[in-house]
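Data first, discussion second: the structure below is written as structure tokens.
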Amino acid sequence: MNTLNKTLALIALASSSAAFAGTDFDTLDVDGSGTISQSEAAVDAKLMSQFAELDTDQDGELSKEEFSKA
């Protein structure tokens, strides 16, 4: 059920024009984990194009510090 909720939240975020108007860390961190996963970043094409470069510790997630370099 939790995965379903995350998926629905990502779909809602992706369909929202606010998602593209100026995404910030807290908006993208849909599950509140303190990091941005690749699936959460997928709603922002620019961020996705930079994801591998920004993920300096190569853990598959962006911390606030890594995201701030975007």
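The values are calculated or read from the model by the stated rules, or taken from the named source; none is laboratory data. For clarity, every value in this text was computed on a predicted model and none was experimentally measured. Neighbour counts are summed over all protein chains in view; Cβ atoms, including those assigned to glycine, are modelled from backbone coordinates with ideal geometry. With ligands, DNA and RNA removed, areas are computed over all heavy atoms of the protein, side chains included. Shrake-Rupley method; radii C 1.70, N 1.55, O 1.52, S 1.80 Å.
How many of the residues in the range 32-60 are open to solvent by less than 70 Å² (accessible area, probe 1.4 Å), modelled with pLDDT of 95 or more and not in a helix (DSSP H, G or I)?
Total meeting the criteria: 8.
Go through the range 61-70 and count every residue that is assigned to a loop (DSSP other than H, G, I, E, B) and modelled with pLDDT of 95 or more.
Adding up the residues that qualify gives 1.
Any idea which residue in the range 2-28 is modelled with the lowest pLDDT, counting only those that are surrounded by 15 or more Cβ atoms within 10 Å (Cβ to Cβ) and under 21 Å from Lys69 (Cβ atoms)?
Ala19
Taking the range 29-58, which residues are touching a residue at least 24 places away in the same chain (Cβ under 8 Å), more than 14 Å from Lys69 (Cα to Cα) and not polar (S, T, N, Q)?
Answer for the range 29-58, where residues must be touching a residue at least 24 places away in the same chain (Cβ under 8 Å), more than 14 Å from Lys69 (Cα to Cα) and not polar (S, T, N, Q): Val30, Asp31, Gly34, Glu40, Ala42, Val43, Asp44.
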